[in-house]
1. Starting from residues that are in a loop (DSSP other than H, G, I, E, B) and among the charged types (D, E, K, R), keep the ones in the range 6-25 and report whichever is surrounded by the most Cβ atoms within 10 Å (Cβ to Cβ).
2. Is it the case that some residue within the range 79-99 is aromatic (Phe, Trp, Tyr), closer than 23 Å to Cys187 by Cα and within 18 Å of the chain's Cα centre (by Cα)?
3. Need pairs with beta-carbon distance below 6 Å; first residue surrounded by 10 or more Cβ atoms within 10 Å (Cβ to Cβ) and within the range 200-212, second not acidic (Asp, Glu) and not in a helix (DSSP H, G or I); sequence gap 6+ or separate chains.
4. State all residues of the range 53-85 that are under 23 Å from Val229 (Cα atoms), touching a residue at least 24 places away in the same chain (Cβ under 8 Å) and of a type outside the set (A, V, I, L, M, F, W, C); if no residue qualifies, say none.
5. When residues of the range 143-158 are filtered for being free of Cβ contacts under 8 Å to residues at least 60 places away in the same chain and touching a strand residue (DSSP E or B) at 6+ places or on another chain (Cβ under 8 Å), how many remain?
6. Pairs, please: C-beta under 7 Å, at least 6 apart or cross-chain, first residue at positive phi and in the range 225-248, second in a helix (DSSP H, G or I) and of a type in the set (Ser, Thr, Tyr)?
7. Please work out if Gly164 is on the phi > 0 side of the Ramachandran plot and not polar (S, T, N, Q).
8. Here are some conditions: (1) closer than 26 Å to Ala133 by Cβ; (2) in a helix (DSSP H, G or I); (3) free of Cβ contacts under 8 Å to residues at least 24 places away in the same chain. Lys170 meets all but one. Which one does it not meet?
Amino acid sequence: MDLPRTPSFRLDGRRALVTGASSGIGLGAAVALAEAGAHVVCAARGAERLEQAVAAMTEAGLSAEAHVLDVADTAAVRALCAAAPFDVVVNAAGLARHGPALKTDPADYDAVMAVNLRGAYFLSAEAARAMQAAGQGGSIIHISSQMAHVGGIDRAVYCASKHGLDGMIKAMSIEWGRAGIRINAICPTFIRTPLTEQTFDNPERVKWIEEKIKLGRVGAVEDVMGAVVYLAGAASALVTGTSLLVDGGWTAD
């Protein structure tokens, strides 16, 4: 009897792009992909922290390089993707400006949407365009949020951007599936990162979070890294247009 073989989680010989790679979930994603064998182009807006992150990765024997990039700059995104197609793209760039909906400043709304939705949209399009031009498939992964599936206190703008991202991913998966291009999202619960420090400084918000997470703890960057590797390679070959919830059971009720 011929037994089935578990698909490989290795990414040897693959070229990956990770945005928002200088810290938090983005850095975790970059490390996870590199540990699986990929060469990772680490992108972020701030050069100093990005260079420090890449230096730490290379010192650990991982294959990585730094590229300063603002995902809201569509021309720069187009140039990077067109230069050489990526096999894997992980978009971990994100922006949050929380507050009551009735007090939302239009400038804050535009800033969040420019990164979380518009930037994600055109990064996906340019990455897929380059993959198709090269006649290859690939995996595009967006670091979204559990807030793509529920509402949250003082998070109307953030939730709008993430719900929009979820719909975008579904539509793009339909367009690009026959070309072998998969696109998915990872939706974490609250993860301790620089982006969430403001939330964790608020005792009322911490109480709310701890009550909602069924596993009884907030997330760590390491909780997301395995999901990134899974969606990047052959183990998820039939997965596209969907969200992988890493939420500790937040959305279970």
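The values are calculated or read from the model by the stated rules, or taken from the named source; none is laboratory data. Since the structure is predicted, the reported quantities are computational estimates derived from the model, not experimental observations. All Cβ positions, glycine included, derive from the backbone under ideal geometry; neighbour counts span all protein chains shown.
1. My answer is Arg14.
2. Looking through the range 79-99, at least one residue is aromatic (Phe, Trp, Tyr), closer than 23 Å to Cys187 by Cα and within 18 Å of the chain's Cα centre (by Cα).
3. Once the first residue is surrounded by 10 or more Cβ atoms within 10 Å (Cβ to Cβ) and sits in the range 200-212, its partners that are not acidic (Asp, Glu) and not in a helix (DSSP H, G or I) give Ile209/Phe190.
4. Correct list: Ser63, Glu65, His67, Pro85.
5. Counting residues in the range 143-158 that are free of Cβ contacts under 8 Å to residues at least 60 places away in the same chain and touching a strand residue (DSSP E or B) at 6+ places or on another chain (Cβ under 8 Å) gives 3.
6. Gly241/Ser173
7. no
8. Going through the list (1) closer than 26 Å to Ala133 by Cβ; (2) in a helix (DSSP H, G or I); (3) free of Cβ contacts under 8 Å to residues at least 24 places away in the same chain, Lys170 breaks only (3).
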